[in-house]
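A.B. asks: Here's a structure for you.
The values are calculated or read from the model by the stated rules, or taken from the named source; none is laboratory data. What you see is a predicted model, and the numbers here were worked out from it, not measured in a lab. Cβ placement follows ideal geometry from the backbone for every residue including glycine, while neighbour counts extend to all protein chains displayed.
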Amino acid sequence: MAEKKALQRYLQAGETIVSNLLLRHYKQIGLTTAQLVLYLQFKSYQDQGTMNPDVRLIAKNLGTSETQIFNQLHQMMTNRLVEQRVRQLADGKEDAIYDFTPLVTKLVDLDNQTVTKATKQEQENTRQKIFAMLESEFGRPLSAMELQIVNDWQDRDNYTPAMIKLALRQAVLNGAHNLQYMERILQSWARQNLRTEHDINEHERQFENRRDAQHGQRASSAGPHSAGPKIPIYKLGE
């Protein structure tokens, strides 16, 4: 019975939801462990509607002094993690509350910077792989002008890595080891809004089917001895 009542009290006390971003990166935004726990104390009260909790009560919860609490708050304000603002009460009076919005904003900015950095790194890795793939197939290093052309494909023309890879495949199959041939292929696909590997392969499959059908019709009309070997030729613009 006592355990049941204790569990009820535990549940009735409510919960404080904390972002994992804060738990994992609080050091990076300038919070100490003590300040993190202090913030969680304020948040637990503010989430329940007590926007201006008694500092004496928070000091008691943390087993420290009011002076230490105010010192920590002052340090957090200096680091722009919290600010005091005045709010208007229902009876017309005013009081000052601690607003932790700057802390959350700093955390979100850090996360955005991390994601942006990771995205840029991934793009750079992909770019280097494309360069290496081209140089491997061409059997030589790319010139400075060729490097710029490939950069323009990605940055200006928004050709996807899949498009460049497949255009290179077409160029190699047709013995054209140069960027000019590839660019004509890429332009053709872009005009037809073919930008994914699936769409390009499906387009080529349909083209092959049409070509085979046309070839079969010509062979049938010309007789059984006129059929020649199938030569894979990519027809630009088809």
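A.B. asks: For segment 4-21, enumerate the residues that are without any contact (Cβ under 8 Å) to a residue 24 or more places away in the chain and part of a loop (DSSP other than H, G, I, E, B).
C.D. replies: Those that are without any contact (Cβ under 8 Å) to a residue 24 or more places away in the chain and part of a loop (DSSP other than H, G, I, E, B): A13, E15.
A.B. asks: Show the residue pairs meeting these rules: Cβ distance below 9 Å; 6+ apart or different chains; first residue within segment 77-94 and more than 13 Å from K106 (Cβ to Cβ); second residue in a helix (DSSP H, G or I) and among the aliphatic types (A, V, I, L, M).
C.D. replies: Close Cβ pairs (under 9 Å, with a partner that is in a helix (DSSP H, G or I) and among the aliphatic types (A, V, I, L, M)) amount to Q84/L73; Q84/M77.
A.B. asks: So in segment 22-48, with the set limited to residues that are β-branched (V, I, T) and not in a loop (DSSP other than H, G, I, E, B), which one is surrounded by the most Cβ atoms within 10 Å (Cβ to Cβ)?
C.D. replies: Selected residue: V37.
A.B. asks: In this structure, is T126 without any contact (Cβ under 8 Å) to a residue 60 or more places away in the chain, in contact with a helix residue (DSSP H, G or I) (Cβ under 6 Å, 6 or more places away or on another chain), among the polar types (S, T, N, Q) and not assigned by TED's automatic domain parsing to the domain that holds H25?
C.D. replies: When the stated conditions are applied, T126 passes them.
A.B. asks: Something else about it: In segment 120-157, which residue that is assigned to a loop (DSSP other than H, G, I, E, B) and not charged (D, E, K, R) is surrounded by the most Cβ atoms within 10 Å (Cβ to Cβ)?
C.D. replies: L142
A.B. asks: Now a separate question. Looking only at segment 161-194, which residues are assigned to a loop (DSSP other than H, G, I, E, B) and crowded, with 18+ Cβ neighbours inside 10 Å?
C.D. replies: Matches in segment 161-194: L194 only.
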